[in-house]
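Structure first, commentary second.
The values are calculated or read from the model by the stated rules, or taken from the named source; none is laboratory data. Everything quoted here is computed from the prediction, not taken from an experiment. Virtual Cβ from ideal backbone geometry, glycine too; neighbours counted across all protein chains shown.
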Amino acid sequence: MTTDAVQKIDQFTTIPEGWPVIAPEVLEAATAVALEALSVEGGRPAHVRLARYYDRERKYAGATFTDLPNIADDVTADDLLAVSLLSVRISPLDVRRLVEPSPERSAVLASLRALPDVGLTVADADTLTAMAVFYEDVKGALKDPWAKNSDRWVTASKLCARKRPDLFPVRDRKVRDLLGLTRFADYRVDWQVLRHLAQSDEVRQAIFKALRQMPNAETVKVESSLLRVLDVGLWTHAIGMDPQNLSDDE
């Protein structure tokens, strides 16, 4: 490997100044959990869980989350509808702040349009900084002015992932618990760990293996984003989805 190639790889593991540095054992533990979640072996194999989640005849969001019309440099009602498919509530105030003219919408659109057109696997320190600005603007727009402590990080994460599905992971409590990240309570840690997983050859090969073994059914449509498939693989494992149980309880 050339020096230039090594420097390029190192570039995509950099973080902004002041961000927490992730201990190697945290990354190793998260990788081990991810590989278990993506395994095609055992009683709850990944390919069966993925097929169930992406079956359009079932009640999960599936590929509809990314299939609904998505204008890259705008936030529209379609985006809020897509986010609502992931079991979060969008209030009337959220709609007015994000879709109608407002200071919150202006801030969100400015930081959205400043995001580089890259995926999480090649997110360098500058990209992570731009991601943080957009995420904080979205979370600010979703803040409940009447709540004593309003921190709608789950909804904000899902809207960010809707706008840039290859860049922002869908973060929620289940996946954060699964990966051992709840104790940090810091999106900067979550993103670094998910970037590490998205860059891992082992993890990517596990995703491809699960996708290859999925049944070729007309009703099953998988998203093109590998980051989204990783999210789904982790989430369906975290919630204990049982492929033998035909109900669609979430």
note = Every listed condition ((1) under 15 Å from M241 (Cα atoms); (2) of a type in the set (V, I, T); (3) part of a helix (DSSP H, G or I)) holds for V83 save (1)
ask   = Counting just the residues of segment 170-221 that are acidic (D, E) and in contact with a Leu (Cβ under 9 Å, 6 or more places away or on another chain), which one comes out farthest from T66 (Cα to Cα)?
value = E202
message = When the residues of segment 36-83 are narrowed to those that are surrounded by 15 or more Cβ atoms within 10 Å (Cβ to Cβ) and polar (S, T, N, Q), which ends up farthest from L197 (Cα to Cα)?
response = N70
note = (1) farther than 17 Å from V99 by Cβ; (2) in a loop (DSSP other than H, G, I, E, B); (3) free of Cβ contacts under 8 Å to residues at least 24 places away in the same chain all hold for K143 apart from (1)
message = Among the residues of segment 6-33, what is the count of those that are of a type outside the set (V, I, T) and either at pLDDT below 95 or surrounded by 14 or more Cβ atoms within 10 Å (Cβ to Cβ) (or both)?
response = 10
query = Regarding L128, is this residue under 28 Å from V40 (Cα atoms) and of a type in the set (A, V, I, L, M, F, W, C)?
reply = no
note = If we ask which residues in segment 163-210 are over 22 Å from V83 (Cα atoms) and among the aromatic types (F, W, Y), their number turns out to be 2
